[in-house]
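What follows is a short report on a single structure.
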Amino acid sequence: MSSESEAREYAPVSIRVEHPDSVDAAITSRFSARAFHTRPVAREAISEILSVASRAPSGTNIQPWKVYVLQGSSRDLLVEKVSEAHTLLYRDPTLAAFYKEQYDYYPSKWVSPYIDRRRQNGWSLYGLLGIDKDDKDSMHAQQKRNYRFFDAPVGMMFTIDLAMGGGALLDCGMFIQNIMLAARARGLHSCPQAAWNRFGRIVLPHIGASSHEMLVCALALGYACETALVNSFHTPREPVNAFTTWLWNDNSDLDLA
């Protein structure tokens, strides 16, 4: 390896983040947008975001993720296919066994405090939108917005090989988080969507995935409609001390001041 290629290979080590607040801003300004403008996103911008996001860590650098970017007629056709399937499932719940996720995103039995947070999230969103708990049709209509990517012009599907272990899901999650943060740095918003998972038997053939791929989740990407009521919904977070246990040796020479 020449000295020039070595410089290119290791140059990122020397890069300093001069304004760490900008990193924090990308993280803290990210939210799951549920209303987008139809304004297109340039392919060059998407490619740049994916290139940056690919620096995500993965176990022994396996980089298990695959990405399918849907725009234009390909996006629109998948939207129609899955929206129709979602409506059929609503009318006939027995189809749930046919439209089943390839992996369990949620637990089979909920426990506190997770079920409490889930309920708070759902009823807070529906309450904001004026949807009553007994209004099943309006709930269905709002859920169906998922399958239109909330009108975002770009939809992404993420898959991993079925041969991979559970750790590949963790790797893929870090990659997707990088995409969302790189998007924020460019003025874009996103919404990660596990709702698509149950329709993998429709999604995977449409995107041309092989038979040994599993759908991990989808992502809506575009320019958020800042004035949309639904985008004023930002979920709360637990304080640091609620999920952190601090451990240290009292005899150590750590500076705890």
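A few points about this structure:
- The set of residues in segment 35-53 being small (Gly, Ala, Ser) and surrounded by fewer than 15 Cβ atoms within 10 Å (Cβ to Cβ) consists of 42, 47, 51.
- Restricting attention to segment 89-111, the residues that are within 23 Å of the chain's Cα centre (by Cα), among the aromatic types (Phe, Trp, Tyr) and over 21 Å from residue 159 (Cα atoms) total 1.
- Qualifying positions in segment 83-113 - loosely packed, with under 10 Cβ neighbours inside 10 Å and acidic (Asp, Glu): 104
Values in this text are rule-based calculations from the coordinates and carry no lab data. Keep in mind the model is a prediction, meaning the values are calculated, not measured. No Cβ is skipped: glycine too gets one built from the backbone with ideal geometry, and neighbour counts run over all protein chains shown.
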